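Notes for the one structure printed next.
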Amino acid sequence: MAGLRTFGINPSGGAGGGMAIGGAITGADEGSVLFAGAGGILAQDKANFFWDDTANRLGIGLNTSLDAKLHILAGGATEKGLLIKLASAQSANAFEVQPNGSTTPLIFISSGGALRANSITDTAAGNLTISNGSGNSVFIQGGGDGGASVNFTRRFNIFTPALSINSPAQITANQNNYTFSGFGSLLRLSSDASRNITGLANTWGAVTNNAGDVLTIINIGSNDIVLKHQDAASTDTNRFLNSTGADITLTANQAADLFYDGTTQRWRVYKRN
């Protein structure tokens, strides 16, 4: 280590000539953390291994302006600042942030590497609220005039720059209150013959057809898929309200854009081509 120094011990009256609390150590710098260096010789490296006894903070890689109980400064652009190696068949979380007085983590990295948040709330300007997995919600509100807000009350997959794509099983019968497995903002559908869909009732998290949900349907097959306009075969809140005022037929490779209007409680549908 740069700045590594070795030194001797002045027993200062310590019994048996050993090092004792309160005894002086020749050549030691205030704040240096002592360790056994080369050959087992007592050593220090104040610049890189430092204890601030006033603030009770430990610095690794620096010895000034310590901003946390443990402050680590990487030695260079190619050096990791912190590395956690998991045990074989690790089951406990790899990393957790817990509130004082509780063992329930606010943020954690699971043993499988998933980054998760149980609950994060800031009631000040520029709010951010993230609920746990059962709520599947995110609330972000900017402060002041013109501040933007985002409110997701369902599971929301974000991929940049690609869309979230879902390819359900082929449709083999007319569908009322159609549901599909998984999540996706681009729905690739195919059918074994010309098939009707009279409504969409997919559930993300705990919410079905949440206001503002956006979806694109594309027919990837060779048979027609018909999105029925205001068809009573589906529950009213699951029905399509087509911009044409009539059924919309998607032939091969044609697409339609949908968004859920929470006021009219219908899927508004606009054919692309």
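For every residue, the table says whether it meets (1) at negative phi; (2) in contact with a Leu (Cβ under 7 Å, 6 or more places away or on another chain); (3) modelled with pLDDT of 95 or more.
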| residue | (1), (2), (3) |
| --- | --- |
| Leu4 | yes, no, no |
| Phe7 | yes, yes, no |
| Gly13 | no, no, no |
| Gly16 | no, no, no |
| Gly22 | no, no, no |
| Ala38 | yes, no, no |
| Phe49 | yes, no, yes |
| Asp52 | yes, yes, yes |
Exercise. Of the residues that sit in the stretch 255-273 and are outside any strand (DSSP E or B) and within 23 Å of Ser190 (Cβ to Cβ), which one is modelled with the lowest pLDDT?
Worked result: Asn273
Exercise. Within the stretch 63-79, can you find the residues that are in contact (Cβ under 8 Å) with a residue 12 or more places away in the chain and surrounded by fewer than 16 Cβ atoms within 10 Å (Cβ to Cβ)?
Worked result: Lys69, Leu70, Ile72, Leu73, Ala74, Gly75
Exercise. For the stretch 244-257, which residues satisfy the criterion of being closer than 14 Å to Thr198 by Cα and surrounded by 18 or more Cβ atoms within 10 Å (Cβ to Cβ)?
Worked result: Ile248, Leu250
Problem set entry | Pairs, first more than 20 Å from Asn63 (Cβ to Cβ) in the stretch 20-37, second of a type in the set (S, T, N, Q), C-beta under 6 Å, six or more apart | Gly23/Ser12; Ala24/Asn10; Ala24/Ser12; Thr26/Asn10
Problem set entry | Number of the condition not met by Thr249 [criteria: (1) part of a strand (DSSP E or B); (2) under 35 Å from the mean Cα position of the chain (by Cα)] | (2)
Exercise. Could you count how many residues in the stretch 191-243 are buried (at least 17 other Cβ atoms within 10 Å of the Cβ) and assigned to a helix (DSSP H, G or I)?
Worked result: 1
Seminar exercise, completed: Given the conditions (1) modelled with pLDDT of 95 or more; (2) closer than 13 Å to Asn176 by Cβ, every one holds for Ala252 apart from (2)
For this session: Report yes if some residue within the stretch 178-190 is modelled with pLDDT under 95, of a type in the set (A, V, I, L, M, F, W, C) and assigned to a strand (DSSP E or B); otherwise report no.
Result: yes
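The values are calculated or read from the model by the stated rules, or taken from the named source; none is laboratory data. Since the model is a prediction, treat every value here as computed from it, not as a measurement. Note that each Cβ is placed from the backbone with ideal geometry, even for glycine, and that neighbours are counted across all protein chains shown.
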